[in-house]
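First comes the structure, then the notes that go with it.
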Amino acid sequence: MAKVLIIGGGVAGLAAGIYAQKAGLNSTIYERHSVPGGLLSWWNRKGYLLDNCVHWLTGTNPKTDIYKVWEEVGVLGKDVHVLQPESFMQVESGGETLNVWHDIERLHADLLRISPRDKKNIEEFIGLLRIYQNVALVAHKPMEQLSVWEYAKLIWSMRKVGKMHRIYSKMSIGEYAERFHSPIIRKMLNVYFPKFYNVSSLFYVYAAFCNDNADLPQGGSKGMMERMVRRYESTGGTICTGWEAEQINIQGGHAYSVSFSNGETVEADYIISTCDLFHTMAHLLPIEYTDPYMQEHFIDLPKKYPTYSSVNLYFAVDHVTREVPCALALDIDNLRIDNRDVKTGFLKHFNYETSFSPEGKSVLQVLLMQYEEDYDYWERLRREDYQAYKTEKNLVAKIVQEALEKRFSELRGHISLLDIVTPVTNTRYCNVYKGAFMSFALTPQNEKIYHRGRIKGVDNLYLAGQWLQAPGGLPNAVVTGKFAIQRLLKDHKELQKRP
């Protein structure tokens, strides 16, 4: 039985393992951390479960191809409850409140009520959301394996989206928002993604939510990870935690083994690296196998391919509060990080997950968007002056807590900090490039990325993970894990059984 060695136990690694086992291969996952999951991360603090990943999941609509993949790897299915919040996010400005409603007709009516003056642009916006509901993530096989008929069918199904995408993928969110007179509508458009993202990405996310395709899976990150692990181990797969890969050994164009930090070297017939792409290429592969894609995106043109990350803060509330919505754009005063004003945070209230808090209590998360220069600031501060790093984190937490108490008076005296993590935390625990939880930002200046998961000159090495396909995230991680096995099977005809 062919032996497959998988580096990394995140979503891509677990997916690759599950599909390898389904194909009759003998796979083992090697994960550097003490638990699998990768960026699908969570931990416990003082009896609270802190979810560091899932705010919504693309692929919760059973009619989509990506849902079928989530079902095959155990994340979704008939026995898994999926929550459909009424609102994706609440925005406040000038005494007004606006919700991005799940019901697109309700959203349409609210926008018109708030700003009749913007009727023409509102009608266009709602029309675009309806069109973008037809966007489909190709999940049944890699693009290069589609037949002529399958490719033609895909193009035809998204013909209307394609026409709009050619226009709006070349326009930034900030630029599009300026079309509207209403300050709160402009805020709704600007607050969730970085302003330099193309507005096509925003249409896709809001449309997916309105299309029942971006909801909340039961158990959040912990539940998703546990279900994937159970599915993988039920097929006979093995996970080795605490094994940090140091080098992929290649000879004569053949990857024959992986060396680990514990001094062990493990041989395999096929190797799949699902850990961070930059880490794989900069640290695990010999320099002569530097990939042109990596060279361009990570090294030569980083300004053309920006990344972003976040500071995440977690607060315990000593009672169950109904005043705090499920998701809110939280206004923050007097917060500066490395001389840059941070005026808004994304507040998440995990009141829909009762298992995340002790009985009678609740937990809040506030996400602060960070960019590459912010990552450099946090990394330098932690490396050069750890005490200053801790002091800066505490100052950020104090200001954010004050913002929460200002907005929600009932929290005053009933809220306490559980934890704060910076982008550096993501890198330390997951080896992720610049602390990024998504792939390269889709700006009007760059093209949509797609990497075929192969390294030129190596016949049995495959790649998977969110960096291979835009815009990254969990859906692209899971499908590239599947694609790695499909590519392996196509390249090696002697392996007949396919997922």
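The values are calculated or read from the model by the stated rules, or taken from the named source; none is laboratory data. Computed from a predicted model, the values in this text were never measured in an experiment. Here Cβ is always computed from backbone atoms with ideal geometry, including for glycine, and neighbour counts include all displayed protein chains. Calculation scope for accessible area: heavy atoms of the full protein, side chains included, ligands and nucleic acids excluded. Shrake-Rupley method; radii C 1.70, N 1.55, O 1.52, S 1.80 Å.
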*Considering segment 454-466 alone, what residues qualify as being touching a residue at least 40 places away in the same chain (Cβ under 8 Å) and either open to solvent by 10 Å² or more (accessible area, probe 1.4 Å) or assigned to a loop (DSSP other than H, G, I, E, B) (or both)?*
Ile455, Lys456, Gly457, Val458, Asp459, Asn460, Ala464, Gly465, Gln466
*Which residue, of Ser309, Ser362, is under 30 Å from Glu244 (Cα atoms), open to solvent by less than 10 Å² (accessible area, probe 1.4 Å) and either touching a His at 6+ places or on another chain (Cβ under 8 Å) or polar (S, T, N, Q) (or both)?*
Ser309
_For segment 282-291, check the following and say yes or no: at least one residue is small (Gly, Ala, Ser) and assigned to a strand (DSSP E or B)._
no
*Say whether the condition of being in contact with a helix residue (DSSP H, G or I) (Cβ under 9 Å, 6 or more places away or on another chain), over 30 Å from Val317 (Cβ atoms), modelled with pLDDT of 95 or more and of a type in the set (Ser, Thr, Tyr) is met by at least one residue in segment 471-480.*
yes
_Could you list, ordered by first residue, the pairs with Cβ atoms under 7 Å in which the first is in segment 135-157 and under 19 Å from Ala15 (Cβ atoms) and of a type in the set (S, T, N, Q) and the second is open to solvent by 50 Å² or more (accessible area, probe 1.4 Å) and outside any loop (DSSP other than H, G, I, E, B), at least 6 apart or interchain?_
Gln145/Lys490
_Conditions (1) without any contact (Cβ under 8 Å) to a residue 40 or more places away in the chain; (2) open to solvent by less than 30 Å² (accessible area, probe 1.4 Å); (3) under 30 Å from Asn262 (Cβ atoms); number of the one not met by Gly77_ = (3)
*Could you list all residues from segment 88-113 that are closer than 20 Å to Gln133 by Cβ, among the charged types (D, E, K, R), part of a helix (DSSP H, G or I) and open to solvent by 50 Å² or more (accessible area, probe 1.4 Å)?*
Glu105, Arg106
_Can you find a residue that is acidic (Asp, Glu) and either part of a loop (DSSP other than H, G, I, E, B) or in contact with a strand residue (DSSP E or B) (Cβ under 9 Å, 6 or more places away or on another chain) (or both) anywhere in segment 146-156?_
no
*State yes or no: is Val138 in a helix (DSSP H, G or I) and either in contact with a helix residue (DSSP H, G or I) (Cβ under 8 Å, 6 or more places away or on another chain) or within 30 Å of Glu72 (Cα to Cα) (or both)?*
no
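Residue-wise test of (1) of a type in the set (A, V, I, L, M, F, W, C); (2) in a helix (DSSP H, G or I); (3) open to solvent by less than 20 Å² (accessible area, probe 1.4 Å); (4) at pLDDT below 95.
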{"residue": "Ala388", "(1), (2), (3), (4)": "yes, yes, no, no"}
{"residue": "Lys393", "(1), (2), (3), (4)": "no, yes, no, no"}
{"residue": "Gln401", "(1), (2), (3), (4)": "no, yes, no, no"}
{"residue": "Leu404", "(1), (2), (3), (4)": "yes, yes, yes, no"}
*Among the numbered conditions (1) in contact with a strand residue (DSSP E or B) (Cβ under 7 Å, 6 or more places away or on another chain); (2) under 24 Å from Lys448 (Cβ atoms); (3) part of a helix (DSSP H, G or I); (4) not β-branched (Val, Ile, Thr), tell me where Arg166 comes up short.*
(1)
*Could you run through segment 417-453 and say how many residues are among the polar types (S, T, N, Q), in contact with an Asp or Glu (Cβ under 8 Å, 6 or more places away or on another chain) and in contact (Cβ under 8 Å) with a residue 60 or more places away in the chain?*
1
*Among the residues of segment 37-61 satisfying the criterion of being touching a Cys at 6+ places or on another chain (Cβ under 9 Å), open to solvent by less than 30 Å² (accessible area, probe 1.4 Å) and part of a loop (DSSP other than H, G, I, E, B), which is farthest from Ala214 (Cα to Cα)?*
Gly38
*Could you check how many residues of segment 365-378 are of a type in the set (Ser, Thr, Tyr) and either surrounded by fewer than 18 Cβ atoms within 10 Å (Cβ to Cβ) or in a strand (DSSP E or B) (or both)?*
1
*When you look at Ser355, is it open to solvent by 80 Å² or more (accessible area, probe 1.4 Å) and among the small types (Gly, Ala, Ser), yes or no?*
yes
_Residue identified as among the hydrophobic types (A, V, I, L, M, F, W, C), over 24 Å from Ser87 (Cβ atoms) and open to solvent by less than 30 Å² (accessible area, probe 1.4 Å) among Leu381, Leu418, Leu347, Leu330_ = Leu418
